[in-house]
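The block underneath contains the structure these notes are about, expressed in structure tokens.
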Amino acid sequence: MGDIPKNMEHVERRELYTSLPVRVQYLQQFLEFGADDVVALIEGQKYIKAIIPAIVNMVYKKLLRHDITARVFSTRDSRIEENPVTWIKEDDAQIRHRKMFLRWYLTKLNSDPSKMEYWQYLDKVGLMHVGKGRRNPLHVDYIFLGACLGYIQDSMTEAILSHPRLELTQKIAIVKAIGKVIWIQNDLMAKWHVEDGREFLDEELEEDMEAEAREPEGYLHGKRILGNGGGPGGNGNGDDDSSIAGTVSSTSSEKSTTSLGRTMEQVRLSNEQQKMSTCPFSGMASASTEDMEKQRAATWRPTRRELLQTEPTSPPRLPTGIPRLRVIDGKTSCKENLDPNPFA
């Protein structure tokens, strides 16, 4: 077998399936995830955290809209197609509990990804959805996990791009960083469902998975990763407000400063300033179903007949982000309505 060219990097296939750091590094290099993306995620935290409660509500409305995903909350296995005697509702205690963990998870997803612990937990999230890595087994088919991640990414992208006070360069940076992180999470979920690399699994990995299954949800290697309350090591009252607050730093119980060296007075002033400039999307968290649908970007999609007509029958509207160039039956329609340079 010949040698690879000098300008080509070698990737060991076995390591992609046996070493998480190697797998993550490869994905980061391929997606060009770097220091700029880390900075964008950290600087964009306060904007993302403000919309997380609304996104969580939207996600669970989606999951409870179809029987195939709604019954998983009763059966804990999407492969079981028998309907439960009683269907779970959005206001049930179990759904409120799951919403709390999804808020914590999305907060973690949009935190500092510069430490390996961050990626280890994202890998564990994938493991926990194939019937392993948790005390009470849960199996969710990959199609539902992928669709859920796609919906979350779409919602976050829409909210960031429509933010009235962010510069375009900031929007682009945040959206790109979030997209890369979500696609790496997507891979770390898919790897537990596909058969690729199964020949490299060994008994040591099985022992590690059994050890992780003995940990409470939200923990990694005995350390609490998600939230500050509602479980072992927390305050026990289930209050997760601190996990979605505007501050990035965490407070030490033994010191009068945060982990970033700020005094408590500085933290208090920072929080007050953030409250004064609350993200305009923060009100979505308590909105009703109809209100939330209205708050989603209202887009006008012309019918096929309207697209084929020279003169549109509907009155002109403000730009909605929908491309004016459409391809129907292999032919380009509405091309004559485009400017010489539609991207100018």
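The values are calculated or read from the model by the stated rules, or taken from the named source; none is laboratory data. None of the values given here were measured: they were computed from a predicted structure. Cβ placement follows ideal geometry from the backbone for every residue including glycine, while neighbour counts extend to all protein chains displayed. For accessibility, only protein heavy atoms count, side chains too; no ligands or nucleic acids. Shrake-Rupley method; radii C 1.70, N 1.55, O 1.52, S 1.80 Å.
Which loop-located trypsin sites (Lys or Arg not before Pro) does region 139-205 contain, where loop means any DSSP state but H, G, I, E or B and the Cβ has at most 15 other Cβ atoms within 10 Å?
Numbers: sites: ARG165, LYS171, LYS176, LYS180, LYS191, ARG198; in loops: ARG165, LYS191.
Sparse-neighbourhood loop trypsin sites (Lys or Arg not before Pro): ARG165.
For GLU158, tell me the accessible area in Å² from a 1.4 Å probe, rounded to the nearest 10.
60 Å²
Apply the Karplus parameterisation 6.51 cos²θ - 1.76 cosθ + 1.60, with θ equal to phi minus 60°, to every residue of region 149-156 and state each ³J(HN,Hα) to the nearest whole Hz, in sequence, with x for glycine and proline.
4, x, 5, 5, 4, 4, 5, 5
For region 79-106 and region 1-36, what is the separation of their C-alpha centers, rounded to whole Å?
The distance from the Cα centre of region 79-106 to that of region 1-36 comes to 38 Å.
Taking R0 as 56 Å, what's the FRET efficiency between ALA35 and ARG96 from their Cβ-Cβ distance, rounded to 0.05? Could the numbers behind the result be given before it?
Values: r = 38 Å, r/R0 = 0.68.
In this case the efficiency is close to 0.90.
If ligands, DNA and RNA are left out, what is the accessible area of TYR121 with a 1.4 Å probe, given in Å² to the nearest 10?
Result for TYR121: roughly 10 Å² accessible.
Remind me, what semi-axes does region 13-228 give for its equivalent ellipsoid, largest first in whole Å, using sqrt of 5 times each Cα gyration tensor eigenvalue? Provide the component values of the computation, followed by the final result.
On the way: eigenvalues 144, 119, 46 Å².
Semi-axis lengths for region 13-228 are 27, 24, 15 Å.
How many nm separate the modelled label positions at ASP202 and ARG224, each set 7 Å beyond the Cα in the direction of the Cβ?
Placing both labels 7 Å along Cα→Cβ, they lie 3.6 nm apart.
Under a point-charge model restricted to the Cβ atoms of Lys and Arg (+1) and Asp and Glu (-1), what is the dipole moment magnitude of region 13-228 relative to its Cα centre, in debye to the nearest 20? Walk me through the numbers before you get to the answer.
Working: 31 positive and 33 negative charges, 200 e Å.
Using only the charged Cβ atoms, the result is roughly 960 debye.
With label points built 7 Å along Cα→Cβ from the Cα atoms of GLU15 and TYR151, find their separation and express it in nm.
Label-label distance for GLU15 and TYR151, simple model: 3.9 nm.
What does the charge count near GLY197 come to, summing +1 for each Lys or Arg and -1 for each Asp or Glu among other residues with Cβ under 14 Å from its Cβ? Display every interim value, and only then the final one.
Working: positive: ARG13, ARG14, ARG23, LYS191, ARG198; negative: GLU12, GLU15, ASP123, ASP187, GLU195, ASP196, GLU199, ASP202.
Taking every Cβ under 14 Å from that of GLY197, the sum is -3.
What residue among GLN120, ILE174, ASN57 has its Cα farthest toward the positive end of the dipole of region 13-228, where the charges are +1 on Lys, Arg and -1 on Asp, Glu, each on the Cβ?
Most positive-ward Cα: ASN57.
5 Å is the cut-off here: which amide hydrogens, built 1.01 Å from N in the peptide plane, fall below it relative to ASP77, excluding neighbours closer than 5 in sequence?
HIS139
GLU81 versus ARG65, label points 7 Å from Cα toward the beta carbon: distance in nm?
Going from the GLU81 label point to the ARG65 one covers 2.3 nm.
Using only alpha carbon pairs under 8 Å that are at least six residues apart, calculate the relative contact order of region 44-188 and give it in whole percent. Walk me through the intermediate numbers first.
Details: 113 pairs, mean separation 37.9, N = 145.
Answer for region 44-188 is 26 percent.
Place a label point 7 angstrom from the Cα of ASP141 along the Cα-to-Cβ direction, then list the residues of region 67-103 whose backbone nitrogen is under 17 Å away.
It comes to 67-84, nothing else.
Leaving ligands, DNA and RNA out of it, work out the accessible area of VAL175 with a 1.4 Å probe and give it in Å² to the nearest 10.
40 Å²
Residues with beta-carbon under 10 Å from that of ILE184, excluding ILE184: net charge, scoring Lys, Arg +1 and Asp, Glu -1?
Working: positive: ARG23, LYS180; negative: ASP123, ASP187.
Residues near ILE184 contribute 0 overall.
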